[in-house]
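Worksheet for the structure shown next.
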Amino acid sequence: MEVTYDKYSLMADGKRVFIKSGAFHYFRTPGESMARDRFFKMKAAGYNAVDIYFNWNYHSKAPGEYDFSGIKDVRKVLKAARDAGLFIIARPGPFINGEVNAGGLPFWLLRMEDVIPRNRIGTEYKYSEKYMKYISEWYDNIIPIINEFDNVILFQIENEYATDTMEEDYMRELYKMARDRGVTCPIFHNDAYFAGLWANCVDIYALDLYPYINPNQNWKQDNFCFDTLDNVEDIFRSSKEDSPPFIAEMQAGWFDKWDGSGYKHIREALGDEHINIMTKTALSQGVTLFNHYMIAGGTNWGNLACDEVYTSYEFTAPIDEFGIPQSNFYKAKEINYFLDSFDFTCTEPKEFEFYQENIYAKMRHDNTNNCDWLFLRNMNNEITEINPFGNIKTKLKPYDMKICPINLQLKGCTVEFSDMEIFARLHNEDEEVIFIIADKNSFIKILDNEIISGDKKDYDNIKFEKNGKTTQFVFLTKKLADKSWFLKDKVIFNADYVLPNGAIAVEKNTEIAYFDLKNKFSKKNCIVTEFNDYSKPEQLTISSIDFCAPEIDMDYNYSEWKKLENKTDSLSCELYDEFVWYKGQIPNSVEEITLSARHLFAVYINGKEVLNRNSYKIEKLQEVPETISIPLDKKILDKNLNELTILVQNLGFDKGFSGDTNNPRGLVLFETKPDTKIDLYAEEKLSIERNDFRQSESPYLTKITAKFDIDLKDNVFFAKYISFENFRCRRATIFLNGIKIGRYIKRTNVQDKFYLINEFLKPHNTLEIVVWEKDRNIKSPWGFKSDMKNVIIKIGTQKMYQLFK
Amino acid sequence: MVVVPEFLIRRIYQKGSLKKLDNGASLILKNVLGPGFISGFNYVKINDIVYSPEEVKFITNGEELLGTEVSEAAPIAFRLGQTGTLIMEGKTSITDGKNKIEIEALNPEAGKVKLTVEDNCA
């Protein structure tokens, strides 16, 4: 495919194309079949492109080692995108951010001498040849795979990059590296500061826009948060005049943090008004390439997360973490279908003088359809009457935005003005049917005809004829529009969603209706046979309780562990896992130990806990380190040589946007008073992950095991979860069939429902939950073990759909 | 420190706006970066003279606020394109020729934002 561009849009093989993309993280939605499911849902909602970050760290555990097999097989992901009919926006970094561990840079790279990640220390540019050498290695591995797919339409280098002095060497070298490896499509960078950064180093200038980044903010009240978006065309034109306006990341949700307010709050705060305003305002500014970030939520399983984020990366995306379409999905679908109905790739701003408080108004002339489009946005908290022209009044709901055609010439009539939402359009040479969303406050004014009120019921219609050609308007209520799907040459009604091959998904018995220009309406009944009532989660039966930290036991042999030299942090020890154990012997002459660890840690001496601490703290995007001294007396050090065990839980490396990716993790500081040399040994992971599980005497880490079965069927989509709603323990790590799928910290209160990732489910499943408790919660090991049997863990079904061919 | 390049932050300062007052100085800021909030003024330093928040006034959008009145609990909106005048009182700081200006303010999301520029007195 040859991809070219001009100031209006991209062109694929010479044909203008409007890019409606959504960002998808294959590593957070693992495996081909889950990727395929999300891509098919995207396509059904009118998206024509998917933006894919390639996560270097996910594929490379050591220099020269790259794993693209099994669930890491990106070819299968790219093939699934191609099968769904989506273009690909390839974003292989090297740095990606995305709230992933170390921003996607491999752990091994962070510790290398002479490597300066991103050629930047703080805000200062510092070129590192060795860093560039390893980028070559990554590009040598990833770009040939990307090049196998001719639906790759854009390629990004770096991400959200800036330095104080803005030297161009790094970006120019990345550009050349990509071209030298056969990338032929346009190359861009994503400017987080919307300041024209790197515009001269790439083909197409692109930026990201997130007006809502603080969940405590009320974007409806502080509506000036759209100031940048409202002026973005000027930014594009002044940055790079000859390339099309491209919002490489356009807010479609937002991520939550450990100390955040929870995804429920963010989803309610954004509603579906936010994505509507974002997308339509972008259109009003001439944007012809947008990428909704994110289109699908994901899960931070394994060690994927950076320190800021917890297990769910739901992102309040249109398709949620479970793969279920949400209300912003339906809103995005409406806009995408509208863009499929009328070619919007070649428009110009048109002078339009209008002022009304809290009303945004912008006019564009459409060179393709030879009409004007008036964009109106109401930021008042009540229905507001707007009078854009002398004789026309329109009413907008609070925080609503509409695209109103002016003098739109159709086959059978001309729309003089309309403030109704156009949903979809089917047409051939002589006939067109335009589906409109009914709204009693709206209307269509047809030239030389009466005003048509929008107060209509489902399927109400009206037809116009001119010179042997017809235009029929068919009205749909918003409720039916949400369940209506525009698929090639037909519209399918009443389905919960459809797949590009025409398969229909419903969650209850449904009468499906079809419409196409040739056969008009037809019907089909879908009788759901598969489901029992799944509305209530069920309590899981616990099959065993085991103490699982033999590392704390007095007789534990750690002589095979890594002996540490001076530094004890994770990078220096080359132990990058979430959990790192430290062991050594401490003489009774020591009066005090001082330590600093990231992020949660506990100190055990002679098998007894002396401190258990959550040191995680981030303020103003920066971590706040904590150093703690523990006085030791003879009661604690009751032997000449005492067994010291430290367990550190690293919640992730810095994502590298504000801080440095190589900020230390693990045991960052360890000192004794008086200064005494202690030989420390270290090992990573929990014993069950190292296949070192054995019955332990130490009650601090306890493994709860439960088993459950799943009925896997090809014609059923389902999403399951486990609920910790009534879970009494304070910290837990969750394993599904041996794979770490979640971490629970009660204190933060941000997540108590964990997705049982479909890719990891089998007919017979084992769930292991490792609880990490404080000494004060454990009265006696026997009593504690017995108590654990009463822990409540529930399994539930988020949603089920039956699929009909 | 958040990675916003210095040259971008410097754009907020309106060049040529530094004025000498009877017992202080004034300057103008214009938000050309993007909509946001100011949640505090840590200090303004002109040459080697430091003005603490109680010695700083910020006049914007018809409102006059002491530096101490701007906080995380009471942030002020600073829209794209909006201007504001900073008035520093109580100390003489401006000299003939180039003056070194340093302003440290706070933003709810980004934390400390430091602006360092040099300008002649208007």
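Taking the range A:561-596 only, how many residues are polar (S, T, N, Q), over 34 Å from the mean Cα position of the chain (by Cα) and part of a strand (DSSP E or B)?
The qualifying residues number 2.
Could you list, in sequence order, all residues of the range A:217-232 that are within 8 Å of another protein chain (Cβ to nearest Cβ), among the hydrophobic types (A, V, I, L, M, F, W, C) and not in a helix (DSSP H, G or I)?
Across the range A:217-232, there are no qualifying residues.
Mind checking which residues of the range A:762-791 are modelled with pLDDT of 95 or more, touching a strand residue (DSSP E or B) at 6+ places or on another chain (Cβ under 8 Å) and surrounded by fewer than 17 Cβ atoms within 10 Å (Cβ to Cβ)?
Hits for the range A:762-791 are A:P763, A:H764, A:T766.
Collect the residues in the range B:84-119 that are hydroxyl-bearing (S, T, Y) and either in a loop (DSSP other than H, G, I, E, B) or within 14 Å of another protein chain (Cβ to nearest Cβ) (or both), keeping them in residue-number order.
Listed by number, the residues that qualify are B:T92, B:S93, B:T95, B:T116.
Going by what's in this entry, would B:P5 be described as under 24 Å from A:A195 (Cα atoms) and touching a helix residue (DSSP H, G or I) at 6+ places or on another chain (Cβ under 6 Å)?
No; evaluated as a whole, the condition is false for this residue.
On the basis of being under 22 Å from the mean Cα position of the chain (by Cα) and surrounded by 17 or more Cβ atoms within 10 Å (Cβ to Cβ), does A:T661 make the cut?
yes
Quick one: which helices (runs of 4 or more DSSP H) sit completely within the range A:95-202 and have at least 1 residues that are of a type outside the set (V, I, T) and in contact with a Pro (Cβ under 7 Å, 6 or more places away or on another chain)?
A:107-110, A:129-147
Only one of A:Y134, A:Y139, A:Y170 is modelled with pLDDT of 95 or more, over 25 Å from the mean Cα position of the chain (by Cα) and either away from every other protein chain (no Cβ under 14 Å) or farther than 21 Å from A:D660 by Cβ (or both). Can you tell me which?
Answer to the selection: A:Y134.
Hey, could you check the range A:261-301 for residues that are within 16 Å of the chain's Cα centre (by Cα) and part of a loop (DSSP other than H, G, I, E, B) and say which is surrounded by the fewest Cβ atoms within 10 Å (Cβ to Cβ)?
A:G262
Just checking: which of the strands (runs of 3 or more DSSP E) contained wholly in the range A:434-514 hold 2 or more residues that are touching a Lys or Arg at 6+ places or on another chain (Cβ under 8 Å)?
Correct list: A:451-453, A:469-476.
Whether any residue in the range A:226-244 is closer than 30 Å to A:I71 by Cβ and either within 14 Å of the chain's Cα centre (by Cα) or β-branched (V, I, T) (or both) is what I want to check.
Among the residues of the range A:226-244, not one is closer than 30 Å to A:I71 by Cβ and either within 14 Å of the chain's Cα centre (by Cα) or β-branched (V, I, T) (or both), which makes the answer no.
Taking the range A:335-386 only, how many residues are in a strand (DSSP E or B) and either in contact with a Pro (Cβ under 7 Å, 6 or more places away or on another chain) or closer than 26 Å to A:C413 by Cα (or both)?
18
Restricted to the range A:736-773, and to residues that are outside any loop (DSSP other than H, G, I, E, B) and among the charged types (D, E, K, R), which residue is nearest to A:D37 (Cα to Cα)?
Per the criteria, the residue is A:E759.
When you scan the range B:7-41, how many residues do you find that are within 14 Å of another protein chain (Cβ to nearest Cβ), in contact (Cβ under 8 Å) with a residue 24 or more places away in the chain and surrounded by fewer than 16 Cβ atoms within 10 Å (Cβ to Cβ)?
Here the count works out to 2.
Looking only at residues in the range A:654-676 that are within 30 Å of A:Y193 (Cβ to Cβ) and either free of Cβ contacts under 8 Å to residues at least 24 places away in the same chain or among the acidic types (D, E) (or both), which one is nearest to the other protein chains (Cβ to nearest Cβ)?
Going through the qualifying residues, I end up with A:D660.
Test each condition in (1) within 30 Å of A:N55 (Cα to Cα); (2) over 39 Å from the mean Cα position of the chain (by Cα) for A:L680 and report the one that comes out false.
(1)
If A:V624 satisfies all but one of (1) of a type in the set (A, V, I, L, M, F, W, C); (2) touching a residue at least 24 places away in the same chain (Cβ under 8 Å); (3) under 30 Å from B:A110 (Cα atoms), what's the number of the condition it fails?
(2)
Being crowded, with 21+ Cβ neighbours inside 10 Å and basic (K, R) narrows it down to one residue among A:R118, A:R179; which is it?
The match here is A:R118.
Would it be correct to say that A:E450 is more than 20 Å from A:K362 (Cα to Cα), out of contact with any Asp or Glu (no Cβ under 6 Å at 6 or more places or on another chain) and surrounded by fewer than 20 Cβ atoms within 10 Å (Cβ to Cβ)?
The answer is yes for A:E450.
Could you list all residues from the range A:625-667 that are part of a loop (DSSP other than H, G, I, E, B) and hydrophobic (A, V, I, L, M, F, W, C)?
If the condition is that a residue be part of a loop (DSSP other than H, G, I, E, B) and hydrophobic (A, V, I, L, M, F, W, C), then A:L632, A:I636, A:L637, A:L651, A:F653, A:F657 are the ones that fit.
Within the group A:K72, A:K41, which residue is out of contact with any strand residue (DSSP E or B) (no Cβ under 6 Å at 6 or more places or on another chain) and farther than 27 Å from A:D191 by Cβ?
Among A:K72, A:K41, only A:K72 is out of contact with any strand residue (DSSP E or B) (no Cβ under 6 Å at 6 or more places or on another chain) and farther than 27 Å from A:D191 by Cβ.
Mind listing whichever residues of the range B:62-82 are assigned to a strand (DSSP E or B), under 30 Å from A:N231 (Cα atoms) and away from chain A (no Cβ under 14 Å)?
B:E63, B:E64, B:L65
Can you pull out every residue in the range A:74-131 that is acidic (D, E) and within 25 Å of A:I52 (Cα to Cα)?
Matches in the range A:74-131: A:D83, A:E99.
Is it fair to say B:V4 is crowded, with 20+ Cβ neighbours inside 10 Å, within 14 Å of chain A (Cβ to nearest Cβ) and part of a loop (DSSP other than H, G, I, E, B)?
yes
Is it true that A:E249 is outside any strand (DSSP E or B), surrounded by 23 or more Cβ atoms within 10 Å (Cβ to Cβ), among the charged types (D, E, K, R) and touching a strand residue (DSSP E or B) at 6+ places or on another chain (Cβ under 6 Å)?
For A:E249, the condition - outside any strand (DSSP E or B), surrounded by 23 or more Cβ atoms within 10 Å (Cβ to Cβ), among the charged types (D, E, K, R) and touching a strand residue (DSSP E or B) at 6+ places or on another chain (Cβ under 6 Å) - is not met.
Just to be sure, is A:R75 of a type in the set (K, R), touching a helix residue (DSSP H, G or I) at 6+ places or on another chain (Cβ under 8 Å) and within 14 Å of another protein chain (Cβ to nearest Cβ)?
no
Name the single residue, out of those in the range A:732-751 being exposed (fewer than 15 other Cβ atoms within 10 Å of the Cβ) and among the charged types (D, E, K, R), that is modelled with the lowest pLDDT.
Among those residues, the one meeting the criterion is A:R747.
Within the range A:528-541, does at least one residue satisfy the condition of being closer than 30 Å to A:Y604 by Cα and touching a residue at least 12 places away in the same chain (Cβ under 8 Å)?
No, the range A:528-541 contains no residue that is closer than 30 Å to A:Y604 by Cα and touching a residue at least 12 places away in the same chain (Cβ under 8 Å).
Conditions first: (1) free of Cβ contacts under 8 Å to residues at least 40 places away in the same chain; (2) away from chain B (no Cβ under 11 Å); (3) acidic (D, E). A:D208 passes all but one, so which condition is the exception?
Checking A:D208 against (1) free of Cβ contacts under 8 Å to residues at least 40 places away in the same chain; (2) away from chain B (no Cβ under 11 Å); (3) acidic (D, E), the one that fails is (1).
The values are calculated or read from the model by the stated rules, or taken from the named source; none is laboratory data. In this text the structure is predicted, and so the values were computed from the model without any measurement. Cβ: placed from backbone, ideal geometry, glycine included. Neighbour counts: every protein chain shown.
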